[in-house]
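One structure below.
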Amino acid sequence: MSTHKQCPECGSSETYEHGDVSAKGGNGPDLLPGESGFFKSAKMRVVVCKSCGFVRLYASQEALTKITTEHGWQRLL
């Protein structure tokens, strides 16, 4: 998945990424509901702008295959 290296919020090129971040934290919200199992959490890639703090989250390819209406997701039209 390609990522734009420029921040869409402020235009800075001070962007950084980190992969394999769990979508479901121990005490935090489940950011990809229905995609994590009991022992395994769906993964995301996080991109943050060091200049303004804008954060983008990208679901892993594996998690994307599970985005279905059966898991509670609704398509926006």
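The values are calculated or read from the model by the stated rules, or taken from the named source; none is laboratory data. Remember, it's a predicted structure, so these values are computed and weren't measured experimentally. Note that we place each Cβ from the backbone using ideal geometry, even for glycine, and neighbour counts take in every protein chain shown.
Listing for the model above:
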{"quantity": "Test: residue in segment 2-16 that is β-branched (V, I, T), surrounded by fewer than 16 Cβ atoms within 10 Å (Cβ to Cβ), part of a loop (DSSP other than H, G, I, E, B) and at pLDDT below 85", "calculated": "yes"}
{"quantity": "Qualifying positions in segment 6-28 - in contact with a Lys or Arg (Cβ under 8 Å, 6 or more places away or on another chain) and under 18 Å from K40 (Cβ atoms)", "calculated": "G19, D20, V21, S22, A23"}
{"quantity": "Segment 17-32 - residue that is of a type outside the set (V, I, T) and part of a strand (DSSP E or B) and, of those, nearest to K50 (Cα to Cα)", "calculated": "E17"}
{"quantity": "Hits in segment 18-37 - residues which are charged (D, E, K, R) and surrounded by 13 or more Cβ atoms within 10 Å (Cβ to Cβ)", "calculated": "K24, D30, E35"}
{"quantity": "Contacts under 8 angstrom Cβ, first residue in segment 53-77 being within 26 Å of P8 (Cα to Cα), partner among the charged types (D, E, K, R) and in a loop (DSSP other than H, G, I, E, B), 6 or more apart", "calculated": "F54/E9; A59/E35; A63/E35; I67/E35"}
{"quantity": "Subset of segment 42-77 [surrounded by 11 or more Cβ atoms within 10 Å (Cβ to Cβ) and assigned to a loop (DSSP other than H, G, I, E, B)]", "calculated": "A42, K50, S51, C52, F54, S60, K66, I67, T68, W73"}
{"quantity": "Condition met for G34 (at pLDDT below 85 and at positive phi)", "calculated": "yes"}
